[in-house]
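What follows is one structure encoded as structure tokens, with my remarks underneath.
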Amino acid sequence: MAAIIPNGDVAWGMQLPVQSQSTAFVQPWEKDAGSDELATIAGAADRAGAFYVAVCDHVAIPRPMAETMGSVWYDTVATLGWLAAQTESVNLLSHVFVVPYRSPLVTAKAFATLDVLSGGRAILGVGIGHVEGEFELVGAQFRSRGKALDDALPVLREALAAGEHRDALVHPRSPRPGGTPIWVGGSSDAALRRAARLGDGWLPQGPPKVGMRAAVEYLRAERAERFGDDAPFDLGIQAEPIHVGELDWDAGPFVLAGDPEVIAARLVKYAGVGANHIQVRFAARSADETVEQITRFGAEVWPLVRAAVASP
């Protein structure tokens, strides 16, 4: 198990718009967008220096939940595979893949193949899922989903790293030593334990009830006890929606807007908690404005963040 972000560095990534359209965060322009806009935005993130672009995982939204969750959720692996051909260097992350929906060998096969075809850019972000009705629809067990993921992770690790499981071969193999990285998602106590003991990194989904700083301290202590003080680990944090520049329109609550220095200062505080990758999204009124925001963020904001984190 190993981190993939260089020691002492900090990275940024984004969950892509268009591919998931929950009413909690979808912006009006996304409802009429499709593959052209998705490719353009992923390409902009690639050129702007994003460490990853991420795609969600839902299979079938029960009708009673569609009012709040929306119904548009692109298939994770199909979308990431397509994005591999639209980009050059950005990593391709599932945030998060609901492993209990599927055999772990099916998951390993999909992500090892994605890793090979993308030139070693896949990151398997895993989670337990939360929509009980969706579990019923795909024939999976909801109440035992935590145990299912715990049991699946060693199988995933073996298949992705060694290309085998029991007396079977699982090829193609990931081109990376140690296999495709596995980042564990979730902010519950169980998710934190799972990430520390079985993952290469952590993807928070909402603030942990113990607080972000305490969660990071726990993860580091647990890792040190099991793997040694110098065991590398990639720790994430999620920022609020960002808009580089002053807002002259209603972007909704909690948007971090202003000059690059203002935005960078907030993100440096997040890194100061102990995170080495920050997930951002952008408040925008169109795909073109989203591209502009990504470009400005990569050129004007992120260099300030990296310089501040690197300074003694």
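Filter segment 260-288 down to the residues that are in a loop (DSSP other than H, G, I, E, B) and out of contact with any Leu (no Cβ under 7 Å at 6 or more places or on another chain), then identify the one that is modelled with the lowest pLDDT. Walk me through how you get there before you give the answer.
As a first pass, look at segment 260-288 and keep what is in a loop (DSSP other than H, G, I, E, B): 273-276, 281, 283-286.
When the remaining residues are screened for being out of contact with any Leu (no Cβ under 7 Å at 6 or more places or on another chain), the result is 273, 281, 283-286.
Details: Val273: 94, Arg281: 97, Ala283: 98, Ala284: 98, Arg285: 98, Ser286: 98.
Ranking the qualifying residues of segment 260-288, first place goes to Val273.
Could you please let me know if Leu235 is free of Cβ contacts under 8 Å to residues at least 60 places away in the same chain, of a type outside the set (Gly, Ala, Ser) and crowded, with 20+ Cβ neighbours inside 10 Å?
On the way: free of Cβ contacts under 8 Å to residues at least 60 places away in the same chain: yes; of a type outside the set (Gly, Ala, Ser): yes; crowded, with 20+ Cβ neighbours inside 10 Å: yes.
Yes; evaluated as a whole, the condition is true for this residue.
Need at least 2 residues that are in contact (Cβ under 8 Å) with a residue 24 or more places away in the chain and within 15 Å of the chain's Cα centre (by Cα) per element, so show me which helices (runs of 4 or more DSSP H) inside segment 1-106 make the cut, counting only ones lying wholly within it.
Correct list: 35-47, 76-84.
Quick check on segment 156-190: of everything there that is charged (D, E, K, R) and under 30 Å from Ala214 (Cα atoms), which residue is surrounded by the most Cβ atoms within 10 Å (Cβ to Cβ)? It would help to see each step written out before you state the result.
As a first pass, look at segment 156-190 and keep what is charged (D, E, K, R): 157-158, 164, 166-167, 173, 176, 189.
From what's left, under 30 Å from Ala214 (Cα atoms): 157, 189.
Working: Arg157: 20, Asp189: 13.
Restricting to residues being charged (D, E, K, R) and under 30 Å from Ala214 (Cα atoms), the top hit is Arg157.
Pick from Gly129, Gly119: which is part of a loop (DSSP other than H, G, I, E, B), small (Gly, Ala, Ser) and either closer than 20 Å to Gln15 by Cα or free of Cβ contacts under 8 Å to residues at least 12 places away in the same chain (or both)?
Of the residues listed, the single one that is part of a loop (DSSP other than H, G, I, E, B), small (Gly, Ala, Ser) and either closer than 20 Å to Gln15 by Cα or free of Cβ contacts under 8 Å to residues at least 12 places away in the same chain (or both) is Gly129.
Can you pull out the residues in segment 205-246 that are touching a helix residue (DSSP H, G or I) at 6+ places or on another chain (Cβ under 8 Å), of a type in the set (Gly, Ala, Ser) and closer than 16 Å to Val184 by Cβ?
Ala215, Ala231, listed by residue number.
Could you run through segment 265-295 and say how many residues are free of Cβ contacts under 8 Å to residues at least 60 places away in the same chain and over 21 Å from Val53 (Cβ atoms)?
Residues that pass the stated criteria total 5.
Scan segment 294-310 for residues that are over 23 Å from Val273 (Cβ atoms) and buried (at least 23 other Cβ atoms within 10 Å of the Cβ) and report the count.
Number of matching residues: 1.
Would you pick out the residues in segment 238-252 that are within 24 Å of the chain's Cα centre (by Cα), surrounded by fewer than 16 Cβ atoms within 10 Å (Cβ to Cβ) and in contact (Cβ under 8 Å) with a residue 24 or more places away in the chain?
Going through segment 238-252, the residues within 24 Å of the chain's Cα centre (by Cα) turn out to be 238-244, 251-252.
Still in the list and also surrounded by fewer than 16 Cβ atoms within 10 Å (Cβ to Cβ): 240, 252.
Answer for segment 238-252, where residues must be within 24 Å of the chain's Cα centre (by Cα), surrounded by fewer than 16 Cβ atoms within 10 Å (Cβ to Cβ) and in contact (Cβ under 8 Å) with a residue 24 or more places away in the chain: just Gly252.
Hey, could you check segment 75-108 for residues that are among the hydrophobic types (A, V, I, L, M, F, W, C) and under 18 Å from Lys147 (Cβ atoms) and say which is surrounded by the most Cβ atoms within 10 Å (Cβ to Cβ)?
Val99
Among the listed residues Gly236, Gly185, which satisfies the condition of being in contact with a His (Cβ under 6 Å, 6 or more places away or on another chain) and closer than 26 Å to Gly120 by Cα?
Gly236 is the lone residue from the list that is in contact with a His (Cβ under 6 Å, 6 or more places away or on another chain) and closer than 26 Å to Gly120 by Cα.
Counting just the residues of segment 185-235 that are assigned to a loop (DSSP other than H, G, I, E, B) and in contact with a Phe, Trp or Tyr (Cβ under 8 Å, 6 or more places away or on another chain), which one comes out farthest from Ser144 (Cα to Cα)?
Phe233
Given the criterion farther than 30 Å from Thr40 by Cβ and within 17 Å of the chain's Cα centre (by Cα), identify the matching residue among Ile128, Ile123.
Ile128
Only one of these is out of contact with any strand residue (DSSP E or B) (no Cβ under 8 Å at 6 or more places or on another chain), in contact (Cβ under 8 Å) with a residue 24 or more places away in the chain and crowded, with 19+ Cβ neighbours inside 10 Å: Arg197, Arg223. Name it.
Unique residue meeting the criteria: Arg223.
The values are calculated or read from the model by the stated rules, or taken from the named source; none is laboratory data. Only a predicted model underlies this, so the values are computations on that prediction, with no experimental measurement involved. All Cβ positions, glycine included, derive from the backbone under ideal geometry; neighbour counts span all protein chains shown.
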